[in-house]
1. Three principal axis extents, largest first, for the C-alpha atoms of region 237-360, in Å?
2. Which loop-located trypsin sites (Lys or Arg not before Pro) does region 1-108 contain, where loop means any DSSP state but H, G, I, E or B and the Cβ has at most 16 other Cβ atoms within 10 Å?
3. Need one number: % antiparallel among DSSP beta bridges in region 3-208, to the nearest 5.
4. For helix 185-198, report the angle its Cα long axis makes with the longest principal axis of the Cα atoms of the chain; keep it between 0 and 90° and round to the nearest 10°.
5. Counting only C-alpha contacts under 8 Å and six or more residues apart, can you give the relative contact order of region 237-360 as a whole percent?
6. Within region 171-233, list the trypsin sites (Lys or Arg not before Pro) lying in a DSSP loop whose Cβ has at most 10 other Cβ atoms in a 10 Å radius.
7. Within region 184-233, which GluC sites (Glu not before Pro) sit in a loop by DSSP and count at most 13 neighbouring Cβ atoms inside 10 Å?
8. Note the angle between two axes, namely the Cα long axis of helix 346-358 and the longest principal axis of the Cα atoms of the chain, as a number of degrees from 0 to 90, rounded to the nearest 10.
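No lab work stands behind these numbers, since they all come straight from the coordinates. This is a predicted model, so every value here is computed, not measured. Here the Cβ positions follow ideal geometry from the backbone for every residue, glycine too, while neighbour counts run over all protein chains shown.
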Amino acid sequence: MNVDERLELVKRNTVEIVTEDELRNIFLNKKDIRGYIGFEPSGIFHLGWLIWAYKFKDLVDAGVEMILYAATWHAWINDKLGGNMDLIRAAARHVAYVLSAIGVNMSRVRIVYAEDIVSRVSYWEKVLRIAKSSSLSRIKRALTILGRRADEAELDFSKLIYPLMQVADIFEMDLDIALGGLDQRKAHMLARDVAEKLGFKKPIAIHTPLLPSLKGVSRMSFEGMEIDDIAAETKMSKSKPEDAIFVIDSDEAIERKIRSAYCPPREVENNPIMSIAKYIVFRGEKKRFVIDRKPEYGGSIEVYSYEELENLYREGKIHPLDLKNTVAKELIKIVKPIRDMLQANKDLWEELKDIEKSVTR
Ligand SMILES: Nc1ncnc2c1ncn2[C@@H]1O[C@H](COP(=O)(O)OP(=O)(O)OP(=O)(O)O)[C@@H](O)[C@H]1O
Ligand SMILES: N[C@@H](Cc1ccc(O)cc1)C(=O)O
């Protein structure tokens, strides 16, 4: 792959790259490029995570040495899985299996647990240095990266340490690239600013879109809010299982959840089903997508890109129910091989069932 091909691969299905010039520059000039994604191991892998998982695969395929970082202590700070560290560690295990099921070459991936780096003195020195160069108000604003509001740190000071740790993770692992959903933006921008002040390597941030919750957006106004805060508030999340689809869901559960999801006719912006079609089914690629309809309802329609689907839906040429049925069918094709792979490992499957029952926030 030449540099342009690598860039194209990494850019597709992202919201932003900060900055693209820097990315081109390291693709041109650096041999060993290191990137990561961090996640809180605190529940079951859901559809939203597949967006970064496919991007993780693109980065590995583009020759980036990727680290899968299980942010165990961060999940503990964030009150996940009832603060049970054994369960938190167990919840990290299945993520690598999911990546492998979608075709990530795991022999080229390094898995790091927070424990591996928080045990170093150099790590805590970085946390303090980052704190020294940040204002309290900036750290409070960064609480979006935990899915929390600033006032939630009033009774639990550890939540304010979390953003400092996330930035220290980036420096301690000496990363060139930090990958994450758009809700992680404040951590990455803080890391970039602090890097300049402290003389650390400035990470390139790659942000993938956030899949909205199946119930859509109920709030009327987001005036004055920043784009990452809005996306964070409306995203599909493992802490709200009723509005999310998980990679362990049965075909029937997927069909049922899709059938009862919010899907306003002709509208594509606040429409979780269209978002699933865009970010999970098409993912910026061309593919055949067939909407089966009886001749009396206009016959079948075939499209080959998300843009074609979007135009037809906007024009009212596709009924929400037909859209739902096709998206459910395509989604099952994606989820079933992942679920089958997890289910084939009996111990892992049982562990996942325990975790499913223990999800808290
Ligand atoms: N709905 C989503 N769509 C796309 N990416 C997501 C979504 N939810 C989380 N992510 C991304 O997944 C990574 C891990 O996020 P996180 O551990 O907070 O997941 P979560 O499901 O939101 O969890 P929680 O409900 O516990 O906050 C982050 O990079 C985040 O941006
Ligand atoms: N804040 C991330 C998890 C994370 C933690 C530490 C990191 O270094 C990176 C990511 C989330 O909620 O998903």
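1. 47, 29, 26
2. Of the trypsin sites (Lys or Arg not before Pro), the ones in loops of region 1-108 whose Cβ has at most 16 other Cβ atoms within 10 Å are 12, 30, 31.
3. 15
4. Long axis of 185-198 versus the principal axis of the chain: about 30 degrees.
5. With pairs under 8 Å counted, the relative contact order is 29 percent.
6. Qualifying residues, ordered by number: 219.
7. Details: sites: 196, 223, 226, 233; in loops: 223, 226.
Hits after loop and neighbour filter: 223, 226.
8. 80
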